[in-house]
């Protein structure tokens, strides 16, 4: 048995006939501390399955870290790697797999290395929050890209000149990104489809027990109607109006005027369908926004309070402590 067959081709029952491929696609995974295991597994397993189904080494892969040592993912499980990324100049596709606290895990050395690969014609991408590394490398300007929805707020504050799409994955020339989780499988299925055809990609999907294949234009999260659990048109419009103005002073009268309703009618809608007042809903939304900024950026508590529409940092701090049981000052230093 050849070395390629021993490492890259597992035995299985299901089979897809495919003409012999001249050379495999090289894929390098760069694991950052606290990376998301689900995103990494969802990306590498479709490659393994594609090889298994065809009996060919369609894909070769290696796993890299900053120092060549094992990396602990966000659940604490360590993952062994093949070497240090700075010691190699890989061919093919290079994917940065990140997770929580992405702004702390992305180094200047990694950004420089990625920029160099990009300039030499490599396909460069990010899984979950890997877009942080691509942004640091300066290669996302004018590109369509994505990252996990939880990190969109912090990313927008850190890179105000870049706008991430809320899609499950994006492919823009030599930039490939996904929102993490099982969206990494969607991205890989698209790559398999482009390289080796729909029959193989469909069978890989079946092997993964994925009932539906998402396209890159699909939204990461459910629609606003699904999230709210109602299709009431006016309530959906009211929530969308308020959520779009999270940094502005709360103005229910303006919302009412926009929807051609009375203030009291809007209050009744929120009470009936959501069990909260519009003020309470907006306050909770602002605090969630503030929590994301404190976790993902270096903004001060005062700056976060202003960004969340609070008139003073003291009011923000008091509300934050009531909701989360810790002051925003202490929360912002967790893990730092």
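Every read-out reported here was derived from the displayed coordinates using simple, explicitly stated rules and does not represent laboratory data. Computed from a prediction, not measured in an experiment: that's the story for all the values here. Here the Cβ positions follow ideal geometry from the backbone for every residue, glycine too, while neighbour counts run over all protein chains shown.
Can you tell me how much longer the chain between residue 10 and residue 327 gets when fully stretched, taken as 0.36 nm per residue apart minus their C-alpha distance, in nm with one decimal? List each step's numbers first, then the result.
Working: separation 317, 0.36 × 317 = 114.12 nm, distance 5.15 nm.
Contour length minus Cα-Cα distance gives 109.0 nm.
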Taking Cα atoms only, helix 233-243 is inclined relative to the longest principal axis of the chain by an angle, in degrees rounded to 10, of 80
Given 191-200, 148-157, the highest-first ranking by average Cβ count within 10 Å works out to 148-157, 191-200
Footprinting proxy, 21, 30: sorted fewest to most Cβ within 10 Å, the residues are 21, 30
Percent antiparallel among DSSP beta bridges confined to the chain, nearest 5, equals 25
Rounded to 0.05, the calculated FRET efficiency for the beta carbons of residue 306 and residue 206 at R₀ = 51 Å is 0.50
GNM on the chain, Cα springs under 10 Å; top mean-square fluctuation among 50, 14, 39 goes to 14
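For the range 33-94, rounded, prolate or oblate, judged on the Cα gyration tensor with a ≥ b ≥ c (square roots of eigenvalues), a/c < 1.5 rounded, else prolate if a/b > b/c? Please report the intermediate quantities before stating the final value.
Working: a/c = 2.63, a/b = 1.35, b/c = 1.95.
Oblate is the answer for the range 33-94, as a/c is 1.5 or above yet b/c matches or exceeds a/b.
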Fewest to most Cβ atoms within 10 Å: 107, 129 sort as 107, 129
Rounded to the nearest 10, the angle in degrees between the Cα long axis of helix 198-207 and the longest principal axis of the Cα atoms of the chain comes to 70
For the chain, longest principal axis from Cα atoms; helix 263-274 axis from its Cα atoms; angle between them, nearest 10 degrees, is 40
Per GNM of the chain with C-alpha springs under 10 angstrom, the most fluctuating residue out of 310, 273, 85 is 273
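For the chain, would you read off the P(r) tail past 27 Å as a percentage of all alpha carbon pairs?
On the way: 29651 of 56280 pairs.
Of all Cα-Cα distances in the chain, 53 percent exceed 27 Å.
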With -39,500 (n - 2.57) per DSSP H segment of 4 or more residues and division by the full residue count of the chain, the 222 nm estimate, nearest 500 deg cm²/dmol, is -13500 deg cm²/dmol
Candidates 166, 120, 286; GNM for the chain (alpha-carbon contacts under 10 Å) flags as most fluctuating 120
Classified through the alpha carbon gyration tensor (a ≥ b ≥ c as square roots of its eigenvalues; rounded if a/c is under 1.5, else prolate when a/b is larger than b/c, else oblate), the range 120-264 comes out oblate
Looks like the range 168-237, by Cα gyration tensor root eigenvalues a ≥ b ≥ c and the a/c under 1.5 rounded cutoff (else prolate when a/b is bigger than b/c, oblate otherwise), is prolate
Footprinting proxy, 103, 243: sorted fewest to most Cβ within 10 Å, the residues are 243, 103
Gyration tensor (Cα only) of the range 224-331 to equivalent ellipsoid, semi-axes in Å sorted down, yields 27, 14, 12
So the FRET efficiency between residue 285 and residue 104, C-beta based with R0 = 30 Å and rounded to 0.05, is 0.70
Quick calc: nm separation of the 7 Å Cα→Cβ label points for residue 174 and residue 141 -> 1.7
